[in-house]
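First the structure, in the form of structure tokens, and then the observations on it.
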Amino acid sequence: MSTMTTNAATPAATFLPRHRTAQVMLAAALVLIVAKTVLPAGLVRPPEWLVWPFADWINAAFAFLRDDLGLIHVTRTIADMIQWLLDVTANLLYGKSRWPHLGPIPWTVIAASAAFVGYALNGWRLALLSGGTFCWIALMGQWTWSMETLSVIMVAAPFSILTGLLLGIAAWRSVLVERILNPVLNIAQSMPHFAYMIPVVVFIGVGPKAGAVVTIIFSVPPMIRMTLLGLRKVPEVVIESGQMSGASRFQMLWSVRIPTARTEILIGVNQVIMQCLAMVVLAAFIGMPGLGQKLLQLLQALKIGRSFEIGITIVLLAIMLDRCSIAWATRQPQNHPRGTPWFIRHRLLLGWAVVVLVLVALAQVFPFFESIGRRHTLSIAGPLEDAVGWFIGAVDPITRWLRWFLITQVLIPLRSAFLFAPFSAVLLLLAAAGWAVGGLRSALVCLAFFGFIAMSGWWDRAMITVYTVFVSVVIAGLIGFPLGMWGARKQSRATKVLLLCDSLQTFPSFIYLIPVVMLFGVNDVAVIGAVVMFAAVPLTRYTIEGLRGVPPEMIEAAAMSGATYRQTMWNVRLPLALPTIMVGLNQSVMFSLFMVIIAAFIGTQDLGQEMQRALSAADVGKGLVLGTAVAFMGLLVDHLVQTWGARRRAALGL
């Protein structure tokens, strides 16, 4: 009996409970913060011996690949092939003097074709959205810029889709390939946009082909993941049916599995298209012409009216592409009865061909149907400038006071507090959080992620980034969480709010800079404002989905026990919805990190500013180190949220 008692007591004596260990680590971190003034310099900031020259190693490796192995010749050859395809689409869409010398296609033909595609996918509403988008572009005099943007997407998206599909199939077939791809995809999907651009500038150069290459690389990961997910979800019954019919392995893949996984794969196509648009707009920083470059120039000149015009066009394109690709993903193939005449089965195609022929003939007679000259274009920039000027004048006392209050009373003290903390205390705090959530493994993961940041030599810049994200996510939570609770009360209200969230998530992140620059100018408040707008969307969305996803029987049981609505919300619905809401928090942090880096364009002193400097200098090593630091911040939060969520779901029996 004594032996059993001793053996049973040993683990408790050796290992403190997880929360007790986390409390000890937290207390140690607080002691380090309080005692900062007497700490050795090596505990306050990373000592020189701890800072490793990662950037120099990466630059040396890239120089070896580029010069010694001659990889630059391979990449330039690939880029030349892509440039040829870009020339073809540029000739067709906006008349660039290149082969096949057929363009430009009249704007009326493109608008009508988009309307027919929209109608075929989801009826008149989508037809009006699709055709109306191109009519807006033509009438507002933005045709060439828009076609420059779309010409790159038309080349990049098929490359990304095909590459992602093949890699997804390879990951599905081979566990080894999946294990190799998973960490690569995790880091790739956490990397800020600028981190992709710097190696492309080194190996490809600048201009449209560089924009196309970086767009292809950036948009591949979601296609890989959705392909893998779709192939894994194929029901066993479908597989057995294919095998019983004598299908070979190749036939099973291309005729059974992939068609069955059609919805997931097409959702991957949707994500690829949206990622392409987001990157093409931002590729203006590496010389990509189009809407992004024009918007960048207008924002630099603080021409808010014209910026709004370009912004509306980008938003319309984003919504149109999103709605069309989602409609394609959810639309099931239509089968006609045997013997149905060809012209009935393809009546939409025939109608489109007739309309195109009529519009081409009209374009030969009336120039308006081919292109709209500058004298005939419309503009709302003047009225917008007047309205914006009046609005800014009306709210200026409020925004000026708010800017002063936030900067002096909130942002500067918080920033000073984040910079005051010794790096050793920050590492201990993160280790304590990891230990509290997932034990030793999570604590080591947290230390590894932020340990790299300490070793990179960019600690202070990283802390400014953390401070910006922290403040933005807190404010976004104060907006998004109550809005989600309000929206979840009624199904009709939830539908409208979710539709708004879907629309806002299609906007390229650059768009969010326009209103905050208009209201607050170029300062930290504008940066925080842009990040908050971007980060509040997933918090609102997942709060609604979490609350609406609570099992009805749990709500009925609470009602039968006499609980009020308030009691049901706080004691039943919110605890059960919390794992889903935390997913929204996770996405909010990731969105904030992406937006903080982009917002460096309007003035910050964080990792984003240094990343833009690395882009300007084509410093691959520095850019990748900074990008990895940002990615590790996001992955740390993702690890904590996922680990906590898994434990919480297990505790709730979900």
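The values are calculated or read from the model by the stated rules, or taken from the named source; none is laboratory data. Since the structure is predicted, the reported quantities are computational estimates derived from the model, not experimental observations. Here Cβ is always computed from backbone atoms with ideal geometry, including for glycine, and neighbour counts include all displayed protein chains.
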request  = Restricting attention to segment 484-505, report how many residues are out of contact with any Ser or Thr (no Cβ under 8 Å at 6 or more places or on another chain) and within 17 Å of L574 (Cβ to Cβ).
outcome  = 3
query = Just for segment 600-614: of the residues that are over 17 Å from I286 (Cβ atoms) and of a type in the set (A, V, I, L, M, F, W, C), which one is nearest to the chain's Cα centre (by Cα)?
reply = L607
query = Identify, please: which residue in segment 106-117 is over 17 Å from M154 (Cβ atoms) and not polar (S, T, N, Q) and is, among those, surrounded by the most Cβ atoms within 10 Å (Cβ to Cβ)?
reply = A115
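Given the options I602, I511, name the one that is closer than 30 Å to K490 by Cβ, buried (at least 18 other Cβ atoms within 10 Å of the Cβ) and at pLDDT below 85.
Testing whether each residue is closer than 30 Å to K490 by Cβ, buried (at least 18 other Cβ atoms within 10 Å of the Cβ) and at pLDDT below 85 leaves just I511.
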query = Here are some conditions: (1) under 30 Å from P289 (Cβ atoms); (2) assigned to a loop (DSSP other than H, G, I, E, B). C324 meets all but one. Which one does it not meet?
reply = (2)
request  = Identify, by number, the condition in (1) in contact with a Gly (Cβ under 7 Å, 6 or more places away or on another chain); (2) surrounded by 19 or more Cβ atoms within 10 Å (Cβ to Cβ) that G103 doesn't meet.
outcome  = (2)
ask   = Take the residues of segment 30-72 that are of a type in the set (V, I, T) and within 30 Å of the chain's Cα centre (by Cα): which is modelled with the lowest pLDDT?
value = I72
ask   = What about A247, is it among the small types (G, A, S) and closer than 25 Å to T506 by Cα?
value = no
remark   = Sole miss for S97 among (1) among the hydroxyl-bearing types (S, T, Y); (2) in a helix (DSSP H, G or I); (3) modelled with pLDDT under 90; (4) surrounded by fewer than 18 Cβ atoms within 10 Å (Cβ to Cβ) is condition (2)
query = Condition test on V437, is it part of a helix (DSSP H, G or I), at pLDDT 95 or above and over 26 Å from the mean Cα position of the chain (by Cα)?
reply = no
key: Within segment 278-314, tally of residues that are of a type in the set (G, A, S) and surrounded by 22 or more Cβ atoms within 10 Å (Cβ to Cβ)   = 6
query = Would you pick out the residues in segment 16-44 that are in a helix (DSSP H, G or I), more than 18 Å from G451 (Cβ to Cβ) and either touching a Pro at 6+ places or on another chain (Cβ under 7 Å) or aliphatic (A, V, I, L, M) (or both)?
reply = A22, V24, L26, A27, L30, V31, I33, V34, K36, V38, A41
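Pick out the one residue from W49, W84 that is within 15 Å of G207 (Cα to Cα), exposed (fewer than 15 other Cβ atoms within 10 Å of the Cβ), out of contact with any helix residue (DSSP H, G or I) (no Cβ under 7 Å at 6 or more places or on another chain) and not charged (D, E, K, R). Explain how you work it out, then say what you get.
Values: W49 fails: within 15 Å of G207 (Cα to Cα).
W84 is the lone residue from the list that is within 15 Å of G207 (Cα to Cα), exposed (fewer than 15 other Cβ atoms within 10 Å of the Cβ), out of contact with any helix residue (DSSP H, G or I) (no Cβ under 7 Å at 6 or more places or on another chain) and not charged (D, E, K, R).
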inquiry  = I'd like to check which helices (runs of 4 or more DSSP H) are fully inside segment 540-599 and have at least 2 residues that are surrounded by 22 or more Cβ atoms within 10 Å (Cβ to Cβ).
reply    = 574-598
ask   = Taking segment 359-385 on its own, how many of its residues are surrounded by 12 or more Cβ atoms within 10 Å (Cβ to Cβ), charged (D, E, K, R) and either in a helix (DSSP H, G or I) or in contact with a strand residue (DSSP E or B) (Cβ under 7 Å, 6 or more places away or on another chain) (or both)?
value = 1
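Please specify each residue of segment 236-250 satisfying the condition of being under 28 Å from I180 (Cβ atoms) and of a type outside the set (D, E, K, R).
Step one: list which residues in segment 236-250 are under 28 Å from I180 (Cβ atoms), which gives 236, 239, 248-250.
Result: I239, S248, F250.
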task = With respect to M252, determine if the residue is closer than 28 Å to L85 by Cβ, crowded, with 17+ Cβ neighbours inside 10 Å and at pLDDT 90 or above.
result = no
ask   = Can you name the number of the only condition in (1) modelled with pLDDT under 95; (2) within 30 Å of R345 (Cα to Cα); (3) touching a Leu at 6+ places or on another chain (Cβ under 8 Å) that M140 fails?
value = (2)
